[in-house]
Amino acid sequence: MYFDRLFYGKKSKRSYRYSIPSWSDIMKKHTIYFVAAGAAGAAFGLYLYYLQRGRAVLVPKDPNIYVLEGGGMEVHVSALGATITKIIAPDRNGVRGDVVLGFDDIEPYMTGQSPYFGCIVGRVANRIANATFELDGKQYSLNANNGPNTLHGGLVGFDKVWWSAEFEDHPEGRQLRMTYTSRDGEEGFPGTVQATVTYRLTTQSPHASGSSALVTEMEATTNKATPISMAQHTYWNLGGHASGSVLNHVLRLVAAAYTPVDENLIPTGAIVPTKGTPFDFSNRHKIGALIRSVEGGGYDHNYVLAAPRKGKGAEGSGVRLAASVFEPTTGRAMDLLTDAPGVQFYTGNFLDGSITGKEGAVYQKHGAFCLETQGFPNAVNDAAFPSVIVRPGETYKHTMVHRFYTR
């Protein structure tokens, strides 16, 4: 074989042992291969340099994990994708456990093994049909990364870039402020976007109601009209990240309608009442109670939330209750409040046992659920949906409050 000849030389006629040539002989005979290897190495080095300047994540810029603590809880956040990698919460007996799926180290997030575990997705969360949209008379073509569609911002969305991060003081407690600049033309989107995400773990928020609350605030501005709809994509399992199926979790969704989807999971444009369908969680019941009646192997649908309330109080200041979840074995419970028009309820349908996560846990189908508050999927192509277009001088704002307690 070639590598035998390269490193061990030709067979001697006197024996079948290999004689070892000098390095000078190797260089004379194989210069072209060494030159090609050197050129490839140099090209790869330039590629990494390009990626490091804000595009992708093969080489870490800031591998640190930032930790927020309070109320007996911990929230761990990576600068890569502004990703929540761990949330420690007590059960009804005070036993603390990690309630989000993820990995023990940064490498799987960097190498594309993560199905958006815990990250911020954008510039536009969810799907854009056929990876294209028209804005102000101009057609824009995006990178398709989900069949014919663009999903969660494209090939290199907000989840796959490094965010700057710093702790800062807030009247409700210490918070982590993260920023990223998405350049004009990135993934095909127009305009340079300045995006900010702030995580705050507090018991002092008016939304906390005496419990621990994780407040997530997303903001963005742009110098050109562009669609912006960011989402926080944590995979939850209140029984513990390695505890298996979430189908026994009890869920209530404060939504009377949802947006049906086609075979590519693109909304059809209809807004359909949930009453009398497997999508009705207006009265709390187990996630798995009617899941077999849902096409596609589980829930992956956008629910239409009521308009945000105005005023003060736990469900004022622009946010309102969107969902409540309870895990009977541990007693852990979580309320989700938001000011977004929709929430994507997803039941981990594409988890298939091929991912090994934290502490060697193997994540199987329905091993987690997501509640991604957002603008409606494909809203940029459907004028009947709430607009996700942000223009110069405007500020995109999106707030989520996760309230934790036990029962």
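Pairs meeting the criteria (first residue in the stretch 280-309 and of a type in the set (Lys, Arg), second residue not in a loop (DSSP other than H, G, I, E, B), beta carbons under 6 Å, at least 6 apart or on different chains) are ARG284/VAL250; ARG284/ARG252; LYS286/VAL250; ARG309/ARG320.
Go through GLY393, GLY348 for me and flag whichever is under 18 Å from LEU151 (Cα atoms), modelled with pLDDT of 95 or more and in contact with a strand residue (DSSP E or B) (Cβ under 9 Å, 6 or more places away or on another chain). First the steps, then the outcome.
Numbers: GLY393 fails: under 18 Å from LEU151 (Cα atoms).
On inspection, the qualifying residue turns out to be GLY348.
Applying the set (1) in a strand (DSSP E or B); (2) open to solvent by 20 Å² or more (accessible area, probe 1.4 Å) to ASP352 leaves exactly one unmet item: (1). Whenever a residue of the stretch 380-399 is more than 15 Å from ASN126 (Cβ to Cβ), its partners that are open to solvent by less than 70 Å² (accessible area, probe 1.4 Å) and assigned to a loop (DSSP other than H, G, I, E, B), lying with C-beta atoms within less than 7 angstrom and at least six residues away or across chains, give the pairs ALA384/GLY269; ILE389/ALA225; VAL390/ILE228; ARG391/ALA225; TYR396/ILE228; THR399/GLY318; THR399/VAL319; THR399/ASP339.
Go through the stretch 388-407 and give me each residue that's assigned to a strand (DSSP E or B), charged (D, E, K, R) and open to solvent by 50 Å² or more (accessible area, probe 1.4 Å). Spell out how you get there, then give the answer.
Residues of the stretch 388-407 that are assigned to a strand (DSSP E or B), as a first pass: 389-390, 396-406.
With charged (D, E, K, R) added as a condition, the list becomes 397, 403.
LYS397, the sole residue that qualifies.
Yes/no matrix, rows are residues, columns are (1) under 30 Å from SER324 (Cα atoms); (2) open to solvent by 10 Å² or more (accessible area, probe 1.4 Å); (3) hydroxyl-bearing (Ser, Thr, Tyr); (4) touching a residue at least 24 places away in the same chain (Cβ under 8 Å):
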| site | (1), (2), (3), (4) |
| --- | --- |
| SER141 | no, yes, yes, yes |
| GLY154 | no, no, no, yes |
| GLY173 | yes, yes, no, yes |
| SER182 | no, no, yes, yes |
| GLU186 | no, yes, no, yes |
| VAL193 | no, no, no, yes |
| LEU201 | yes, yes, no, yes |
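Can you name every residue in the stretch 362-387 that is assigned to a loop (DSSP other than H, G, I, E, B) and either crowded, with 23+ Cβ neighbours inside 10 Å or not assigned by the TED database to the domain that holds VAL319 (or both)? Those that are assigned to a loop (DSSP other than H, G, I, E, B) and either crowded, with 23+ Cβ neighbours inside 10 Å or not assigned by the TED database to the domain that holds VAL319 (or both): GLY367, ALA368, GLY375, PHE376, PRO377, ASN378.
Quick one: in the stretch 213-239, of everything that is among the small types (Gly, Ala, Ser) and open to solvent by 10 Å² or more (accessible area, probe 1.4 Å), which residue is nearest to the chain's Cα centre (by Cα)?
Here is the first cut: in the stretch 213-239, the ones among the small types (Gly, Ala, Ser) are 213, 220, 225, 229, 231, 239.
Right, trim to open to solvent by 10 Å² or more (accessible area, probe 1.4 Å) and you get 225, 239.
Numbers: ALA225: 24, GLY239: 21 Å.
Looking at residues that are among the small types (Gly, Ala, Ser) and open to solvent by 10 Å² or more (accessible area, probe 1.4 Å), I get GLY239.
When SER205, SER209 are screened for being modelled with pLDDT under 95, surrounded by fewer than 18 Cβ atoms within 10 Å (Cβ to Cβ) and not in a strand (DSSP E or B), only SER209 passes. Could you please give the count of residues in the stretch 251-280 that are open to solvent by 30 Å² or more (accessible area, probe 1.4 Å) and not in a loop (DSSP other than H, G, I, E, B)? Count: 5. If the condition is being open to solvent by 10 Å² or more (accessible area, probe 1.4 Å) and assigned to a loop (DSSP other than H, G, I, E, B), then the stretch 107-129 contributes THR111, GLY112, GLN113, SER114, PRO115, TYR116.
The values are calculated or read from the model by the stated rules, or taken from the named source; none is laboratory data. Not measured: the values here are computed from a predicted model. No Cβ is skipped: glycine too gets one built from the backbone with ideal geometry, and neighbour counts run over all protein chains shown. When the accessible area is computed, the model is the full protein with side chains, heavy atoms only, and any ligands, DNA or RNA have been set aside. Shrake-Rupley method; radii C 1.70, N 1.55, O 1.52, S 1.80 Å.
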